[in-house]
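Working notes, structure below.
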Amino acid sequence: LGLPTPVRSFSGPLTKEGTPRDTANPNALDANKRRLQQHPEALAYLTGERRGLTPETITHFYLGLSSYTEKTSGEVVYHNALSYPQLDSAGQARSRFLRSWIPDVTNGANKKKDWSSGEPSTYWVTPNTGRQSLLICEGAKDGWRIWQAIAGTPLAAQLCIITSTHGSVIPKEWQSPAFWASW
């Protein structure tokens, strides 16, 4: 009723020491993006009927492909996994990356549907500034589709969309009433 919406303090991925992670390295984001753009099967998975993402959504959320080989053993842990940076409460891409298995594209020992290292925390599909309503979705892919569906509508400016970085595991910050206070 005309009252300003309080701005929350930083909410995003933290280091083991409890400080905010650095912003994502633009070179890493670009390299992952190029790998995705050069992989027609991965792009077909994201833009096809199952996911239905537009090129604008893929760009907005910094979607790309990444691989990881264990340095000491040389074992491929995963290859061509969907990779995207965790977004903080201000909408900034942070240096923590989340990953997802793409059927018939991702290879390696890790066959989890979605995964991330570290403690569960909030993935902010939309920044929290000035938004009056909150929607918690099951995962980032669901959040991207919702973001895409409401883009250009009045709801886009009103709805804050979040999810956990670890699927159904509740982040510690969600257990505090202060996290929910302004919605």
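With the condition kept exactly as written, say whether any residue in region 50-61 is more than 23 Å from residue 94 (Cα to Cα), open to solvent by 30 Å² or more (accessible area, probe 1.4 Å) and over 14 Å from the mean Cα position of the chain (by Cα). Before the answer, list the steps.
The initial filter retains those residues of region 50-61 that are more than 23 Å from residue 94 (Cα to Cα), namely 50-52.
Retained after the next criterion (residues that are open to solvent by 30 Å² or more (accessible area, probe 1.4 Å)): 50-51.
Narrowing the set further to residues that are over 14 Å from the mean Cα position of the chain (by Cα) leaves 50-51.
So far as region 50-61 goes, yes, one or more of its residues are more than 23 Å from residue 94 (Cα to Cα), open to solvent by 30 Å² or more (accessible area, probe 1.4 Å) and over 14 Å from the mean Cα position of the chain (by Cα).
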Being within 18 Å of residue 101 (Cβ to Cβ) and open to solvent by 40 Å² or more (accessible area, probe 1.4 Å) is the filter; apply it to region 130-144 and report the residue that is modelled with the highest pLDDT. 142
Looking at (1) at pLDDT below 95; (2) exposed (fewer than 14 other Cβ atoms within 10 Å of the Cβ), which is the one condition that is false for residue 173? (2)
Residue 73: passes all of (1) farther than 19 Å from residue 164 by Cβ; (2) open to solvent by 10 Å² or more (accessible area, probe 1.4 Å); (3) touching a residue at least 12 places away in the same chain (Cβ under 8 Å) but (3)
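Can you name every residue in region 160-170 that is open to solvent by 20 Å² or more (accessible area, probe 1.4 Å) and either of a type in the set (A, V, I, L, M) or at pLDDT 90 or above (or both)?
The answer is 169, 170.
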Within region 120-129, does at least one residue satisfy the condition of being touching a Gly at 6+ places or on another chain (Cβ under 6 Å) and open to solvent by 50 Å² or more (accessible area, probe 1.4 Å)? no
Within region 125-138, is there a residue that is in contact with a Lys or Arg (Cβ under 7 Å, 6 or more places away or on another chain) and over 24 Å from residue 174 (Cα atoms)? no
Looking at region 32-41, which of the residues that are more than 17 Å from the chain's Cα centre (by Cα) and in contact (Cβ under 8 Å) with a residue 24 or more places away in the chain is most open to solvent (accessible area, probe 1.4 Å)? 34
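The values are calculated or read from the model by the stated rules, or taken from the named source; none is laboratory data. Bear in mind the structure is a predicted one, so any value in this text is a computation, not a measurement. Glycine gets a Cβ as well: all are built from the backbone with ideal geometry, and neighbour counts include every protein chain shown. Areas reflect the complete protein model, heavy atoms only, side chains present, ligands, DNA and RNA absent. Shrake-Rupley method; radii C 1.70, N 1.55, O 1.52, S 1.80 Å.
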